[in-house]
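Report on the following structure.
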Amino acid sequence: MFTTAQIAEKIGARLAGDGSVEIKAVGPAGAACATDITFAADDKHREALANSAAAAVIVNELADNFGGPQLIVKDVNAALIETMKLFAPKLTPAAAGVHPTSVIGQNVEIADSASLGPNVTIADNVRIADNCVLAAGVRIGENCTIGRDTRLDSNVVVYHNCRIGSGVIIQANTTVGSTGFGYAPVNGRPVLIPHNGGVVIEDFVEIGANCCIDRAKFGNTIIGAGTKIDNLVQIAHNVVIGKCCLIVGQVGISGSSRLGDGVVLAGQVGIVDNVTIGDGVIIGAQAGVVRDTPAGKKLLGSPAIDYAEKVREFALAHRLPKMAEQLKELIKKVNALEAAANDKK
């Protein structure tokens with residue numbers, strides 16, 4: 001529990017109002033109770049403050065419709081993140097050392113500050129840096145390196161010849177470095193093409209649960225620094241993803257496609273193989289990308305086209321039933337006029 005004055009000090013806010021109010025949790029305006037602090041990052045949230053039971057609010061300017069203490073900051077979202085950290089569950093930190101049930105191969109280097117949980121398996125020639133946490137059931141293949149301050153949650157599997165950077169988070173049951181889906185027809189049947197490359201995951205990447213990132217045929221599949229990947233994402237062989245991209249759940253990226261920096265892929269986006277997507281492109285949910293896309297574009301639909309054009313298509317499609325009725329009426333009128341003209345002949 002913190003007072004509003006303590007929270008303001010910790011997040012660098014200017015406090016307007018009572019600094020002695022005690023806060024026990026963080027909650028959205030509509031659901032917050034009398035011991036919660038809430039936030040208003042945009043006009044919609046600010047309107048909701050009028051009916052909020054929250055004890056205090058984080059805002060970027062004073063809100064006239066809220067009577068409690070207000071913590072005024074430059075960036076509400078950044079301040080909210082820091083506030084939520086204050087109230088995060090206090091879990092027992094992973095203890096440094098190797099659990100006795102873990103299996104460690106030959107020529108393995110494990111930093112003294114690293115933590116290996118129950119039933120972790122480490123193959124030969126692996127390097128694990130300072131402050132790494134490998135939770136129960138993690139498996140690391142031969143010749144891999146894991147950078148400092150990286151966390152691999154339960155049952156993550158990293159195949160051989162993969163390199164994971166520093167400050168990386170990989171959530172439970174994700175697989176890195178599995179063989180890609182690459183086949184060639186030989187004597188009338190599909191034959192698997194060897195995938196002799198690896199995977200490189202750069203610093204500060206975060207990967208959700210149950211994702212699959214395939215190893216390359218040649219060279220490496222690469223996930224750029226700062227990129228964030230949601231659950232249930234498939235990234236195929238030799239894909240290169242730039243820095244600070246956002247990839248939402250159920251996205252599928254086919255082999256050898258390349259994404260620039262700052263690309264956003266909404267849920268269930270599909271990208272065909274060998275496509276290049278420029279920096280800063282935003283692709284809407286369920287879009288299917290079948291061609292190269294220059295930087296800065298915003299796409300929607302399947303096949304994906306310019307966002308504004310697709311919105312116009314949606315608007316027209318919504319009007320089609322009414323237009324169909326109007327067309328029927330027009331046809332009736334035309335038929336009646338033709339019949340009248342024929343009667344005069």
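The values are calculated or read from the model by the stated rules, or taken from the named source; none is laboratory data. Since the structure is predicted, the reported quantities are computational estimates derived from the model, not experimental observations. Here the Cβ positions follow ideal geometry from the backbone for every residue, glycine too, while neighbour counts run over all protein chains shown.
Within the group LYS322, LYS310, which residue is free of Cβ contacts under 8 Å to residues at least 60 places away in the same chain and out of contact with any strand residue (DSSP E or B) (no Cβ under 9 Å at 6 or more places or on another chain)?
LYS322
Could you tell me whether any residue of region 168-182 is over 25 Å from the mean Cα position of the chain (by Cα) and at pLDDT below 95?
yes
If the requirement is being surrounded by fewer than 17 Cβ atoms within 10 Å (Cβ to Cβ) and out of contact with any strand residue (DSSP E or B) (no Cβ under 8 Å at 6 or more places or on another chain), which of these qualifies: GLY296, GLY226?
One residue alone meets the criteria, GLY296.
Go through (1) surrounded by fewer than 18 Cβ atoms within 10 Å (Cβ to Cβ); (2) of a type in the set (Val, Ile, Thr); (3) not assigned by TED's automatic domain parsing to the domain that holds GLY30 for ILE81 and report which single condition fails.
Status for ILE81: all satisfied but (3).
Among (1) at pLDDT below 95; (2) within 30 Å of GLU142 (Cα to Cα); (3) polar (S, T, N, Q), there is one condition THR101 misses while meeting the rest; what is its number?
That leaves (1) as the condition not met.
Can you pull out every residue in region 241-253 that is surrounded by fewer than 20 Cβ atoms within 10 Å (Cβ to Cβ) and touching a strand residue (DSSP E or B) at 6+ places or on another chain (Cβ under 6 Å)?
Across region 241-253, the qualifying residues are LEU246, GLY252.
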